[in-house]
Amino acid sequence: MTGSDPRPLAGVTVVDLTRVLAGPYCTLVLANLGARVIKVERPPDGDDARGIGPFVGGKSLYFAALNHGKESIALDLRDAEERAIFDQLLGATDVLVENFRPGVLARLGYGWEALHARWPRLVLATASGFGQTGPLRERPAFDMVAQAMGGIMSLTGYPDGPPARVGVSIGDIAAGLFLAIGVLAALHARRDSGEGTMIDVAMLDCQLAILENALTTHLVTGALPGRLGTRHPNIAPFQAFEAADGRQVVICAGHDPQFSKLCEVLGRPELIGDPRFDTTDARRRHVDQLEIELAAALRSRTAADWLERLEHAGVPCAPVNTVADAVRDPQVAARNMVVEIPDPAIGRLAVAGNPIKLAGVPEPDARRPPPDLDADRGAVLAWLRRS
C-alpha cells in the first residue's frame with residue numbers, strides 16, 4: 001500500500017501479456033484493488049479484443065470494459081531491443097500474467113524455469129483452456145468450449161430444449177477470478193518465502209469447480225443432473241413464476257419459515273400443513289405439484305403487486321430484470337456498481353464498478369480510461385530508467 005492510494009494492492013506492479021477475456025478479467029480485478037497493470041501488447045494490432053465490436057469513436061467497447069485502469073506499451077518480443085525492455089519490466093515487476101497456449105511463453109524464452117532463475121521473486125500467473133499438464137494441454141479453447149466440456153451447458157436451459165450457453169462468458173470469467181485469487185495467494189506466500197511461484201489455472205478445471213453440488217451428487221449417487229429452467233435442483237419453491245400481466249417473478253422460499261410466509265401472502269395457508277409440502281425435502285420431491293399450486297395463485301395479480309406484498313412479508317423475491325433494468329436499480333447506484341470514466345474517443349464510458357468493498361478504502365475519485373495501443377510507452381520507459 002502506498003501513502004496516496006489506500007487500496008491493498010497499491011505498490012504492486014503487474015505485467016499483463018493477456019488478451020481478450022480470461023486474463024484481462026484477472027488483471028482488471030487486480031487493477032481495481034490498486035495494482036499498477038502494464039499491458040504489454042504485440043504490435044501492430046495489440047490485444048485481439050481491440051478488434052471486437054461494438055465500436056464507439058473507433059474504440060472497442062469490449063476492450064474498454066475490461067481494460068480501463070491499465071497502461072499499454074507495445075513490444076515485439078522477437079526483437080532484441082524490445083526484449084531488453086521487456087526484461088527490464090520483468091526485473092521491476094511483481095507479477096507476470098499470461099494466457100497463451102501452454103508452451104508459447106517458453107518458446108519465446110520466458111518459460112517458468114527461465115523466469116524463476118532470473119527473477120526469483122516474480123509471480124507467474126497463467127490461464128489456458130486446459131492447463132499446463134494433461135493430454136489436452138496444447139488444444140485451443142474459448143469460453144463456449146469450456147462451458148460445453150465442463151458440463152455447465154448440460155445444466156442450462158429448459159428440460160424440453162437443447163443445452164444453452166450461459167448468457168455471459170462464465171468459462172473465461174471464472175478462470176479470471178480463480179487466477180486473481182491465485183495471484184493474491186502467491187503474493188501472500190512471497191512475504192514469508194521471498195520467492196515467487198507459478199500459478200496454473202485451466203478454464204476446464206474452473207468449470208468443474210463451479211458445478212456446485214451437481215458434481216458431488218452425480219459422483220456419490222450416480223444421478224445425472226439435467227436442465228431445470230429456473231428451478232433449483234434441491235430447494236423448492238426456488239424459481240420464476242408468471243404473474244397476471246405476463247411478467248416473471250422469482251421466488252426463493254425453500255426454508256420452512258419463508259414457505260409459510262409465502263403461503264399466507266398467496267392466500268393459500270392450507271399448503272403449509274399439506275404433507276406433500278410440509279418439509280424442505282417433501283417440497284423437493286413434490287416440486288411439480290407445488291409449482292402447479294403456486295403458479296395458479298400467482299396468476300391472480302400483477303408482478304408489481306406480488307413483489308410489494310412478498311417484500312413486505314420478508315419473502316425473498318425479485319423481478320426478472322433486463323440489463324437496462326438492472327443497471328438503473330437504486331441499489332446498484334447505492335453500491336457504486338456503475339461508474340463513468342471520461343474517455344477521449346468514447347466520451348462518457350460506463351463500466352461496472354468494483355464489487356469488492358473494503359472498509360476504510362474509499363472508491364477512487366478518478367479512473368484511467370482504457371489505453372490506446374502503446375499510449376504509455378514514454379511513461380513506462382521513464383519509470384524503468386528510475387527503477
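A compact table of results
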{"item": "Members of region 372-384 that are closer than 21 Å to residue 45 by Cβ and not in a loop (DSSP other than H, G, I, E, B)", "result": "377, 378, 380"}
{"item": "Residue list for region 203-216, filter: modelled with pLDDT of 95 or more and either of a type in the set (Asp, Glu) or open to solvent by 50 Å² or more (accessible area, probe 1.4 Å) (or both)", "result": "205, 208, 209, 210, 215, 216"}
{"item": "Single residue of region 28-48 satisfying the filter (out of contact with any Asp or Glu (no Cβ under 6 Å at 6 or more places or on another chain) and not in a loop (DSSP other than H, G, I, E, B)) that is farthest from residue 95 (Cα to Cα)", "result": "48"}
{"item": "Extreme residue, nearest to residue 198 (Cα to Cα), among residues of region 152-184 that are of a type in the set (Gly, Ala, Ser) and more than 18 Å from the chain's Cα centre (by Cα)", "result": "154"}
{"item": "Criterion (more than 20 Å from residue 38 (Cα to Cα), modelled with pLDDT of 95 or more and among the β-branched types (Val, Ile, Thr)) met by exactly one of 380, 351, 339", "result": "339"}
{"item": "Given (1) under 20 Å from the mean Cα position of the chain (by Cα); (2) open to solvent by 30 Å² or more (accessible area, probe 1.4 Å), number of the condition residue 6 does not satisfy", "result": "(1)"}
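The values are calculated or read from the model by the stated rules, or taken from the named source; none is laboratory data. Model, not experiment: these values are computed from the prediction. All Cβ positions, glycine included, derive from the backbone under ideal geometry; neighbour counts span all protein chains shown. Note: areas computed on protein heavy atoms with side chains; ligands, DNA, RNA excluded. Shrake-Rupley method; radii C 1.70, N 1.55, O 1.52, S 1.80 Å.
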